[in-house]
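*Asks:* Please see the structure below; I have some questions.
The values are calculated or read from the model by the stated rules, or taken from the named source; none is laboratory data. In this text the structure is predicted, and so the values were computed from the model without any measurement. Glycine gets a Cβ as well: all are built from the backbone with ideal geometry, and neighbour counts include every protein chain shown. Accessible surface is based on the protein model in full, side chains and every heavy atom, while ligands, DNA and RNA are left aside. Shrake-Rupley method; radii C 1.70, N 1.55, O 1.52, S 1.80 Å.
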Amino acid sequence: MKLSERVRNISPSPTLAVDARAKQLLAQGVDVVNFGVGEPDFDTPAHIAEAGIAAIRQGFTRYTPAAGTVELREAIAARLHRDHGLEYRPDEIVVSVGAKHSLYNAVMALCEPGDEVLIPVPYWVTYPEQVKLAGGVPVIVPTAEATGFRVTVEALESKTTPRTRVLILNSPNNPSGAVYRREELEAIGEFVLRHDLCLISDEVYEKLVYDGHRHVSPAALSPELKARTVVVNAVSKTFAMTGWRIGYAACCRELARAMAELQGHVTSNPTSISQQAALAALAGSDAPVEAMRREFLRRRDVMVARLSAMPGLSCRVPEGAFYVFPDISALIGKTFNGRKLEGSTDVAAFLLEEARVATVAGAGFGSDRHLRLSYATSLERIEAGLARVEEALGKL
Ligand SMILES: *Cc1c(COP(=O)(O)O)cnc(C)c1O
């Protein structure tokens, strides 16, 4: 069968080989410590899960409006107001099948063929692929580890052309953990307005920030910037609800209507049951979120301290999310069993074979000199996995 160019252009995941090997080892009963996971290891808090069960029992199992129930959109609006002072009406909010779907709707509604979309590196793997699916051109913008992986206006300017339409910003960042400061966002906001761009702001890790850093939503910086911004968020990472699939976008009414219409012909509404659970999450207490954040913080500190002490690794302290992104430059070029480690994919494969530890190569995030390790796993497993990493590195 001849497949469309659209799907043939999807890049194969550079982590596929390591993933497949990790699964193979697990199937053979090998004890692999998994630092590859991209989701909280906690269960969905009980009161949220119960709201989903209640929805089924009450027969809340039919179609809802494509953009989500009015109650849920009101709860999202209330939260955006409470947390960021932002004013959105329910018709400026679209609930989708996870933040990934919200991002896709936004890119599809904004990009003409050939439009360029600025994506700072390191980036979440899905952004460039979604831009290509929409016919746009992903333009990767460099950042420096020395400036905390936060993109500067100079770097953005250097990649801006008359075809630039959109900037995708992700703070707190997956994979680097970088959290942008207010002044930086103000400068980026001015850049967006100066070039008449749209800003897609992926804020799915907003509640996972540490060390007194604060998450600032760029839409809250000025009414002008709010009008050019799509705020994307989800209950997935915040409330340990990845499998429920509820994300949302808040933006101007015109774009929200377009996204709702698009979604109406693709998925219709996200699951009615999950919407009721998300309503309980957003309308309820944030105490469980804070408990998870504190636990993530303890784990981060252990992971950063242990990794930093290992020869060949340097690891900056991430300010948010639940990943560390150590620099592995010093390992590249080393030889093990006659094989040279050429880049992050080889280092990840080496750690899997020699340490039985799964990590994600930085190559997939646009940086071949880093690895991503998730600390969404227990302290016990973190200790065990890092001891093995240390031992394996000793063989190089
Ligand atoms: C996990 C993740 C998402 C997707 O969230 P879902 O709600 O599960 O679709 C979006 N952006 C980033 C940066 C993520 O890490």
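*Asks:* Local charge sum around Lys207 (other residues, Cβ-Cβ under 12 Å, Lys/Arg +1, Asp/Glu -1)?
*Replies:* Residues close to Lys207 contribute a combined charge of 0.
*Asks:* Roughly how many debye, to the nearest 20, is the charge dipole of segment 46-283 about its Cα centre, given +1 on each Lys and Arg Cβ, -1 on each Asp and Glu Cβ, and no other charges?
*Replies:* So the dipole magnitude of segment 46-283 works out to roughly 580 debye.
*Asks:* What's the FRET efficiency of Ala146 with Leu396 using the Cβ-Cβ distance as r and R₀ = 30 Å, to the nearest 0.05?
*Replies:* 0.70
*Asks:* Listed here are the pairs Lys237/Lys395; Lys132/Lys237; Lys100/Lys159; Lys237/Lys334; Lys100/Lys226; Lys23/Lys207; which of them are more than 29 Å apart at the Cα? It would help to have the intermediate numbers written out before the result.
*Replies:* Working: Lys237/Lys395 37 Å; Lys132/Lys237 26 Å; Lys100/Lys159 25 Å; Lys237/Lys334 37 Å; Lys100/Lys226 21 Å; Lys23/Lys207 31 Å.
Over 29 Å apart, Cα to Cα: Lys237/Lys395; Lys237/Lys334; Lys23/Lys207.
*Asks:* In vacuum, with every alpha carbon of segment 46-283 counted as one equal point scatterer, what does the Debye formula give for log10 I(q)/I(0) at q = 0.10 Å⁻¹? Two decimals, please.
*Replies:* Log10 I(q)/I(0), no solvent term: -0.44.
*Asks:* Okay, moving on. Using a simple spin-label model with points 7 Å from Cα along the Cα→Cβ vector, what separation in nm is obtained for Asp43 and Glu157?
*Replies:* Inter-label distance under the simple model: 5.4 nm.
*Asks:* If R0 is 45 Å, what FRET efficiency do you get for Arg339 and Thr126 from their C-beta distance, rounded to 0.05?
*Replies:* 0.90
*Asks:* Rounded, prolate or oblate: pick one for segment 20-144, where a ≥ b ≥ c are the square roots of the eigenvalues of its C-alpha gyration tensor, a/c under 1.5 means rounded, and failing that, prolate if a/b is larger than b/c, else oblate.
*Replies:* Verdict is oblate for segment 20-144.
*Asks:* Count the DSSP beta bridges whose two residues both fall in the chain, then state the antiparallel fraction as a percent rounded to the nearest 5.
*Replies:* Antiparallel bridges: around 45 percent, rounded to the nearest 5.
*Asks:* Sticking with this structure for a sec: Using a 1.4 Å probe on the protein heavy atoms, what percent of the accessible area of the chain belongs to carbon and sulfur?
*Replies:* Here carbon and sulfur together make up 53 percent of the probe-accessible area.
*Asks:* For segment 1-79, what's the radius of gyration and Dmax over Cα atoms, in angstrom?
*Replies:* 20.6, 49
*Asks:* Then there is this: If you take the square roots of the eigenvalues of the alpha-carbon gyration tensor of segment 174-277 and sort them as a ≥ b ≥ c, do you get rounded (a/c under 1.5), prolate (a/b over b/c) or oblate?
*Replies:* Oblate shape, in that a/c is at least 1.5 and b/c is the bigger or equal ratio.
*Asks:* Can you list the equivalent-ellipsoid semi-axes of segment 290-396, largest first and in whole Å, using the square root of 5 times each Cα gyration tensor eigenvalue?
*Replies:* 24, 14, 11
*Asks:* Follow-up question, since we're still on this one. Have a look at segment 246-309 and give its Rg and Dmax from the Cα atoms, expressed in angstrom.
*Replies:* For segment 246-309, the Cα-based Rg and Dmax read 18.7, 53 Å.
*Asks:* Something else about it: For an R0 of 41 angstrom, estimate the FRET efficiency from the Cβ-Cβ distance between Glu190 and Gln28 and round to the nearest 0.05.
*Replies:* The pair Glu190/Gln28 has a calculated efficiency of 0.15.
*Asks:* What does the C-alpha gyration tensor say about the overall shape of segment 100-164? Classify as rounded when a/c is under 1.5, otherwise prolate if a/b is larger than b/c, or oblate.
*Replies:* Numbers: a/c = 2.75, a/b = 1.51, b/c = 1.82.
Here segment 100-164 falls in the oblate category.
*Asks:* For the chain, what is the accessible area per residue in Å² when the probe is 1.4 Å? Before the final figure, lay out each step's value.
*Replies:* Details: 16880 Å² over 396 residues.
With the other protein chains kept in place, the chain gives 43 Å² per residue.
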